[in-house]
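Computed from the coordinates by the stated procedures, all read-outs in this text should not be read as laboratory data. Please read all numbers here as calculations on a predicted model, not as lab measurements. No Cβ is skipped: glycine too gets one built from the backbone with ideal geometry, and neighbour counts run over all protein chains shown.
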Amino acid sequence: MKTPDIRVRMLVAALLPVSLLSVLLSLVFLITRFDDITQAYQLRNRSVARQLALASEFGLFAANKQQLQALARGALREPDLRWVEIFDTQGQVLASAGKALGEASSPPPSSEEAHSFDALGSFDMLTQPVFASGIKHDDLYEDSNQTGAAQTTPLGQVVVQFSRESVAAQQREILLLGGLISALGLLFGLVLAVRLSAGVIRPLMRVSHLVERIGHGDFAAAAEVQALTPPRDPLIDLQRNLMQMAGRLAGVRQDLEDQVATVTQALREKKEEAELATQAKSRFLAAASHDLRQPVHALGMFIARLAQLSHDGQTRQLVGNLQASVNAMQNLLDGLLDISRLEAKAVQIRFEKFPLMELFERLMRDLAPLAQDRGLKLRIRPCSVWVRTDPALLYRILLNLVGNALRYTETGGVLVACRCPGNKPQASIEVWDSGLGIAPEHQNDVFKEFYQVDNPARQRSLGMGLGLSIVQRSCRLLTHPLELSSRLGVGTRFCVKVPRVGPNRDQALAPVLDTPQTSDLPQGTVLVVEDDDMVRQALVGLLQSWGMVVAEASDLHSAQILIRQGVLPCLIISDYRLNEPLNGIRVVAQLRQQLTYPVPACLISGDTDPALIQAAQLAQLTLLHKPVRPAKLRNLLRHLLMDQRDSGTETGS
C-alpha cells in the first residue's frame, strides 16, 4: 500500500475536523426538524379528530345520518385527511366519506382514543370516541348519578385516516436542504483547509526539493532556494540550516573526490606494478618450470638407460633409489601439469559410451601390485553397467581415488563397486577403504593442493597431496557429482555419479592407459631434433638401447642436411622450443614437406602453456611434457610405428 505524500496528509488533517463538524451539525438539525414535523403532524391530526367528534355529538344522539354524512364530507377538506367513518355504539356505520389507504377495518367500540399506523408508515388512523356533553337540565327530579353515567357512556366513535405524504415531502425538502448546507460547509472547509495547509505545505515541499537535490549532489540548489524563500517563511530557520549543511557537504565531497582521485591513481599504479610483477612471475615460473623439466627429463632417460646395464647388488639398489627419486619428482611435475591444464580448461573432453567393467579390469591390473606390496586386499565388484563419459578422465579419477585409498590404508583393503539404485539415470561408482578415516573439519580441506592430514613430514611415500585436487577438478569438468563420507577409525567412501546408458555391443572401449607391451619396437630410423646437448644425448642413448637407429640434429638446418644425405626417418621426435625462430611444430611441418611420405612425429616440451596444447592438437601432433617417462615414450613410439606399418607406408632405414 502506497503511503500518501505530505500534501495529502496535511489536507486531510485540515479538512477532517471541518467535515466531521459539518456532518454532525447537519445530523442534529435534520433529526430535530424531523421530530418537529412529526409532532406537529400528530397534534393537528388529534385536533381534527376531536373537533369532528364534538361536531358529531348531536347527529349521533339524534341518529341523523344526513347530518353525519355532510359532516364527514366536510371533514375531507382538512389537509392530509383521506377517509372518515362514524359508528354508533353497536359498531354500525352511520356515515362514511373518502377512500381508505390500505386495508381499513372497523374498530371495536371503545371509550378511549386509539392511534395506529400501517407497517410501511404511509398513513395514520385515529379513533376518537364521541361522548354526550355534560349540560345539566332544569329537571329537579333528575338523578345526578344517572347523569354522570350518561356522560361516561360514548354515543359512538369517529375513525379518521391521515396520509403521511406531506410529512414525507417536508422531510425530503429538509433533507435536501441539510445536504446542501453540509455540502456548502464541506466546500467552505475544503477551501479553508487548502488555504491553511498551503502555508505549511509550500515550505515543506521547498525543503523536500532542497534535500532531494542535495541528495543528488546539486549543492548549488541551496542558493536558489534562499532567493525564492519569503522573509516570513515559517521554516526559514530549517532551510538556512539545510543550506549551511549543503555548503559543508559540498566541501566534504570535494575533499573526498580529491582523496578518491589520489587513491585511484595510487591503486592504478599499484595495479600496473602488480600486473608487471605477475607477468614477471609468470615468465619466471614458466622459465623455471622449463629449465627444471629439462634436466629431470634427461636424468630420467639416463637412469632408464643405466638400469638396463648389469650391476652388482649394491649398485642395483642405488640405481633403484635414484629411479624412485626421479619418479617422485616426475609425479609431482605431472600432478602440477594436470592441475594447470584443468585450471586452464585445456583438457579436451571426449564423451563415449563404454562398459564400466573394462575400466575396472584395467584398474585392477594396474593397482593390484601396489595393494600386494602393502599387504592389502583390493576387491573390484563385477558389474554390467554402461556409462557415458570421458574414459581417460574417469580412469584418472578412479586411479587417484583407489591409489589414495591404498596409500592411506594400513590394514584391511579397498573395495570398488558400482551401484545403480532404482531407475535413476546415474550410476554411483564408489571407492571404500578401511583406513583411519577423515575428520569432519578436514573433509573440505583434503581437496586443496598439497594438503595432507596425516603427513606433516611430507613423506613422498604418502603422495604429494595433489590427487584429490585433480579428482575434484576433473569431476567438475565432467559435471559428475563427487561425494565424500568418512568416519574416524572406520574408513572413507568416495562416490562419483556418472550418467548411465544402454549397452552398445558393437563398440569397444578405447584404450585409456598405455600399458607396456612385451613385443620389441619395429625397426627403423628415428630423427631426433633437440638443441639441448644433455637432453639429446640422454634421448639418443635410450632409443639406441631399444634397438632403434637414431639420427640426431640440433636444429632444422642440420635435420634437412641429414635428409638430403639420404636419411629417411620412420619417426620424428622434436623439441618444441629450439634455438631458432622456428618452433618444433613448424620444424616438423618443414621436414614433412621435404620428405616424400607422411612421416609420423611427436613433440616433447617442457612448456606447460595451454596454448601449446591447443596448437599441438591443431597440428595433429602428440605432445609429451617433460619429464617423459621412458615406458610412456616407448608405448607412444610403438603405437606410431605400428600405425605406420599397418598403413603400408614404405620408409628407408
log₁₀ I(q)/I(0) of region 30-79 at q = 0.16, 0.30 Å⁻¹, via Debye over equal Cα point scatterers, no solvent, to two decimals? -0.55, -1.06
P(r) of region 351-501 over all Cα-Cα pairs, 5 Å bins starting at 0, rounded to whole percent, reads 2, 9, 19, 24, 22, 14, 8, 2, 0, 0
Given backbone amide H placed at 1.01 Å from N, residues whose amide H is under 5 Å from that of Ala95, ignoring those fewer than 5 places away on the same chain, are Ile86
Residue span Arg350 to Arg253: 0.36 nm per residue of separation minus Cα-Cα distance leaves a gain in nm of 29.1 nm
In this structure, among Lys448/Lys497; Lys353/Lys497; Lys377/Lys626; Lys424/Lys632; Lys353/Lys448; Lys271/Lys626, pairs with alpha-carbon gaps over 27 Å are Lys377/Lys626; Lys424/Lys632; Lys353/Lys448; Lys271/Lys626
The residues Val263, Val550, sorted from fewest to most surrounding Cβ atoms within 10 Å, come out as Val263, Val550
Indicate, rounded to the nearest 5 percent, the antiparallel portion of the DSSP beta bridges found entirely in region 351-501. 85 percent
Nearest 0.05, what FRET efficiency do Ile181 and Ala439 give at R0 = 60 Å with Cβ-Cβ as r? 0.10
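Of Asp80, Asp533, how do they rank once you tally other Cβ atoms within 10 Å and put the fewest first?
Asp533, Asp80
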Could you give the length gained by full extension between Ile563 and Ala168, i.e. 0.36 nm per residue of separation minus their alpha carbon distance, to one decimal place? 129.2 nm
Amide H of Val130: which non-local residues (sequence gap of 5 or more, or other chain) have their own amide H closer than 5 Å, using H built in the peptide plane? Leu155, Gly156, Gln157, Val158
Is region 16-103 rounded, prolate or oblate when judged by the Cα gyration tensor, a ≥ b ≥ c being the square roots of its eigenvalues, rounded requiring a/c under 1.5 and prolate requiring a/b larger than b/c? prolate
Kindly put Cys418, Cys570 in sequence by how many other C-beta atoms sit within 10 Å of each C-beta, fewest to most. Cys418, Cys570
